[in-house]
Amino acid sequence: MSSQSNNRSKRAGCRDIWNAFMCAGARYGAYDIPYCPTTATSLPNAIITWEDAKAIYKRRIASKDYNFFVDAYVCWYIDDYKFDGPRGIWHDSKCALKVLRHFAGAITPDFSTYQDFPEPLKIYNTYRMRVFGYWLGRNGIAVVNNVRWGTSETFRYCFVGIPRGSIIAIGTCGVSPFKLEDRKRFEDGLEELIKVLCPHTIIVYGSASYPCFDQLIDQGIKVISYPSQTAQAFERGKRNE
């Protein structure tokens, strides 16, 4: 795709509505999904959400601390409406980059691939995860790929563009694998992930207290769990009691 697709954005009067500028120099896999290298060289000391990162940025800039640095990675394991929309990270990507430069790194966005989404939308959201991550890496941000799958048909494309044998990240906050009706789907996807990507380390945002992760540890895969935003709030509440 690359040259032909990038040329589309250069046509006179053609507005770049799909952020072709982010793809400059990219290699592509199936479904024209770009390859997103893992540019992180170490594990995060902490992981915070995009909401928290924006709040920190606003406070520090308001206090004229223009060169602040926070030793935490930013993730998007939150509801899509909080980061995707007319003023979200996709449509205002340069503003997002301005915020992220003050943090240690980023886990690529978690655009949803819900089971009841139309197939083209699930592929598009997978594409956006890789494109955004690739672009962040090109701009000097330490990047870890988020992996998001749905039901088994998403296995054709949900792992495309992620390096084999690297660090990857997944989120367990929300519905899976917490809900029993979703657990089998989550475990099937995790098993396929291991076959296809062979990661040496899995960052888990949320609880990793499930047998499927114990099995991975037994296989020699490092599993590192980071508390979710909800868990952190719960702990703060307990300390304030």
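Computed values, structure above
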{"item": "Two-decimal ratio, the stretch 96-200, of alpha-carbon radius of gyration to 2.2 N^0.38 Å", "result": "1.08"}
{"item": "Charged-residue dipole, Cβ positions (Lys, Arg, Asp, Glu), the chain about Cα centre, Debye nearest 20", "result": "1100"}
{"item": "Of Ala46, Tyr77, Phe132, farthest towards positive along the dipole that unit charges on Lys, Arg, Asp, Glu beta carbons give the chain", "result": "Phe132"}
{"item": "The chain - convex hull of the alpha-carbon atoms, volume per residue in Å³", "result": "146"}
{"item": "Under 19 Å from Lys195, Cα to Cα: lysines that are on another chain or at least 8 residues apart", "result": "Lys184, Lys222"}
{"item": "Partner lysines for Lys82 [C-alpha distance under 22 Å; skip if fewer than 8 residues away on the same chain]", "result": "Lys54, Lys58, Lys94, Lys98, Lys122"}
{"item": "Protection-proxy order for peptides 125-132, 31-38, each taking the mean of Cβ atoms within 10 Å per residue, highest first", "result": "125-132, 31-38"}
{"item": "Charge sum, other residues only, whose C-beta stays under 12 Å from Tyr81's C-beta, Lys/Arg counted +1 and Asp/Glu -1", "result": "-2"}
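Where a number appears in this text, it was derived from the coordinates with a stated rule and is not lab data. Note that the coordinates shown come from a computational prediction; the quantities given were computed from them, not determined experimentally. Please note: Cβ atoms are built from the backbone with ideal geometry, for glycine as well, and neighbour counts cover all protein chains shown.
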